[in-house]
Amino acid sequence: MELPNDSTSMVLSSVTVIIPTRGRPEALKRCLKKLLLHVNQHPECMIIVSDDGEASETSAALGNDFAGVHVVQGPRRGPAANRNCGAKHSSGHLIIFLDDDCIPDPNIIAAYQEAALENPEIGVFEGRITAEGTETGFADTAPSNETGGYLWSCNFAIRRDLFTSIGGFDERYPFPGMEDVDFHFRVTNKSRIRFLPEARVFHAVERRVGWKGLKHYALSLILYLHLHGLRQTKKGPVYFARVIARLSVTGGVRYLRGQAAKDPEHLLSTVWVHMEILFIVLFWRCHPYLAKTIFPACCPGCESIHTSLSGH
């Protein structure tokens with residue numbers, strides 16, 4: 001992406017940090033406490049919290065201790081739309097996306113600013129994500145990005161003009177889990193991405209169990225394949241067969257060796273969901289009908305994905 005000759009000075013003059021949230025005030029406070037220590041050294045930096053729940057309640061919970069934080073009401077249509085909402089309220093030439101359950105390193109803002117200044121030809125900067133905690137079972141997970149290549153939405157920076165030109169996050173994704181993969185796919189065609197290991201956040205291990213979350217992930221993945229194609233995404237039958245093998249054998253052994261064998265039913269459910277996705281991919285011409293049959297709607301988000309798959 002080519003930038004104007006004077007764009008580097010503009011990068012340092014205005015930066016916006018966007019944090020989407022919904023009903024997690026304590027996690028948000030922990031993130032903001034660390035972040036405000038950095039922002040106090042960067043008066044050109046603005047923090048926007050986009051709340052997909054009740055923004056007024058979050059503002060009250062933050063109180064005067066976080067007076068410099070701007071809380072805006074999210075659209076209540078999922079994390080993709082919520083991040084876009086924060087971006088619409090921003091004015092920074094460089095936008096930094098963080099998640100409310102991440103703890104940022106002290107130099108994260110400076111790292112992104114320095115990289116943006118020194119690399120005017122690059123539009124996207126991918127931050128490092130370090131998992132914290134111990135996995136105790138098959139349902140424990142945390143995003144980890146120690147060497148780059150993922151562009152998880154909980155830690156990256158992008159120039160505002162590039163974010164606007166690609167239309168932000170695709171709001172057809174109502175659930176978390178694939179909206180950042182879709183964003184990564186689209187932005188790669190517009191700009192090089194540089195990995196910044198010094199721009200780091202820590203993300204705690206979380207326990208995610210339940211069929212509903214797996215179904216939402218499956219529908220989001222099918223939507224991603226629907227929008228971009230099996231060949232373009234390189235996720236055909238062979239890919240999913242390998243995923244199933246890795247989950248069944250390699251993943252299971254790794255957890256057992258680590259004595260993290262709680263929630264074995266979650267591993268079985270995860271393998272089963274990927275087998276269902278493989279079946280849909282094998283009969284891809286019928287994927288809208290198969291997705292609706294195998295993963296029936298349980299909420300408006302599911303219904304919206306089914307509508308997108310049907311082309312309505």
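The values are calculated or read from the model by the stated rules, or taken from the named source; none is laboratory data. Since the model is a prediction, treat every value here as computed from it, not as a measurement. Quick reminder, even Gly has a Cβ in these numbers, built from the backbone with ideal geometry, and neighbours come from all protein chains shown.
Points worth noting:
- Leading residue by the ranking (farthest from residue 54 (Cα to Cα)) among those in the stretch 84-97 that are out of contact with any helix residue (DSSP H, G or I) (no Cβ under 8 Å at 6 or more places or on another chain) and not hydrophobic (A, V, I, L, M, F, W, C): 91
- Test for residue 84: is it touching a Phe, Trp or Tyr at 6+ places or on another chain (Cβ under 9 Å), in the same structural domain as residue 141 (by TED's automatic domain parsing) and not aliphatic (A, V, I, L, M): yes
Quick grid of which residues meet (1) part of a helix (DSSP H, G or I); (2) surrounded by 17 or more Cβ atoms within 10 Å (Cβ to Cβ); (3) touching a strand residue (DSSP E or B) at 6+ places or on another chain (Cβ under 8 Å):
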residue	(1), (2), (3)
113	yes, yes, yes
121	no, no, no
125	no, yes, yes
130	no, yes, yes
156	no, yes, yes
164	yes, no, no
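Okay, residues lined up against (1) among the small types (Gly, Ala, Ser); (2) farther than 27 Å from residue 271 by Cα:
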{"position": "158", "(1), (2)": "no, yes"}
{"position": "165", "(1), (2)": "yes, yes"}
{"position": "179", "(1), (2)": "no, no"}
{"position": "191", "(1), (2)": "yes, yes"}
{"position": "198", "(1), (2)": "no, yes"}
{"position": "205", "(1), (2)": "no, no"}
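- Qualifying positions in the stretch 277-287 - buried (at least 19 other Cβ atoms within 10 Å of the Cβ) and within 19 Å of residue 213 (Cα to Cα): 277, 280
- Unmet requirement for residue 48, which otherwise passes all of (1) free of Cβ contacts under 8 Å to residues at least 60 places away in the same chain; (2) buried (at least 21 other Cβ atoms within 10 Å of the Cβ); (3) of a type in the set (A, V, I, L, M); (4) over 22 Å from residue 202 (Cα atoms): (4)
- Residue count for the stretch 57-91, restricted to those that are crowded, with 22+ Cβ neighbours inside 10 Å, more than 16 Å from residue 23 (Cβ to Cβ) and over 16 Å from the mean Cα position of the chain (by Cα): 1
- Residues that are touching a residue at least 60 places away in the same chain (Cβ under 8 Å), in contact with a helix residue (DSSP H, G or I) (Cβ under 8 Å, 6 or more places away or on another chain) and in a loop (DSSP other than H, G, I, E, B) within the stretch 132-154 comprise 135, 138, 139, 153, listed in sequence order.
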